[in-house]
Amino acid sequence: MNYHTGDIIKVTVTNIENYGIFVKVDEEYNGMIHISEMSDKFVSNVRNFAFIGETIYAKIMDVDNDKCQIKLSIKSIDYRLTNKKGRLMESPNGFSKLKELLPIWIENKLQEIELNG
C-alpha cells in the first residue's frame, strides 16, 4: 500500500515505552508515535493515551519505504475509535485536578461518617 504524509490511517498499538507508542500499520509497515506527537500539552504518562491491542487513528508525518517505517502523530486529530476498556483517560491537564480534590473529598466523607456514625 502507498502511504502519504498527511494521511490518517488506522493502526494497532503493539508496545508502549516512556518515549512513544509503537504500532502495526499493516503486514509490512510498523510505526511509532513519539511522545512529542501526542499532545500540545505536557504528557505525564504515555500509557494514558492508548493501550496495547487498541486500534486507533494516526496521522502520517513521514514514511520510510526502505525500512517500512512510518512516523505518526495523534495530537491534532480525534484518534480514539472507542474507549473499549472504559479506562479513565488523561485530560490535557493530566490528573492534577483529581489529585487536588481527592484529599478534600476524603476529608468530607470522613466528617460525614463521624456525624452519622
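Every number in this text was worked out from the coordinates using simple rules, so none of it is lab data. Here the structure is a predicted model, which means the values were calculated and not measured. Cβ coordinates were reconstructed from backbone atoms using ideal geometry, including for glycine residues, and neighbour counts include every protein chain displayed.
At 222 nm, what helix-only mean residue ellipticity would the chain give, in deg cm²/dmol to the nearest 500, using -39500 (n - 2.57) for each DSSP H run of four or more?
That comes out to -6000 deg cm²/dmol.
Shape of the chain from its Cα gyration tensor (a ≥ b ≥ c, root eigenvalues): rounded if a/c is under 1.5, otherwise prolate when a/b > b/c, or oblate? Don't jump to the answer; show the numbers that get you there.
Details: a/c = 3.64, a/b = 2.93, b/c = 1.24.
In terms of gyration-tensor shape, prolate.
So for the pair Cys68, Lys99, with labels modelled 7 Å out along Cα→Cβ, what separation do we get in nm?
4.2 nm
Using only Cα atoms, tell me the angle between helix 96-116 and the longest principal axis of the chain; keep it within 0 to 90° and round to the nearest 10.
Around 30 degrees separate the two axes.
Taking 41 Å as R0, compute the FRET efficiency from the Cβ-Cβ separation of Ile106 and Thr12 and round it to 0.05.
Values: r = 39 Å, r/R0 = 0.95.
Between Ile106 and Thr12 the formula returns 0.55.
Quick check on my link table: of Lys10/Lys41; Lys59/Lys99; Lys24/Lys75; Lys41/Lys71; Lys41/Lys109; Lys75/Lys99, which ones sit more than 27 Å apart, alpha carbon to alpha carbon? Kindly include the intermediate steps, with their values, before the conclusion.
Numbers: Lys10/Lys41 23 Å; Lys59/Lys99 32 Å; Lys24/Lys75 19 Å; Lys41/Lys71 19 Å; Lys41/Lys109 33 Å; Lys75/Lys99 24 Å.
In this structure, Lys59/Lys99; Lys41/Lys109 lie more than 27 Å apart at Cα.
Roughly how many debye, to the nearest 20, is the charge dipole of the chain about its Cα centre, given +1 on each Lys and Arg Cβ, -1 on each Asp and Glu Cβ, and no other charges?
On the way: 15 positive and 17 negative charges, 47 e Å.
Roughly 220 debye for the chain.
Sort out the exposed loop GluC sites (Glu not before Pro) in the chain (DSSP loop, at most 11 other Cβ within 10 Å) and tell me the longest stretch that has none.
29-117
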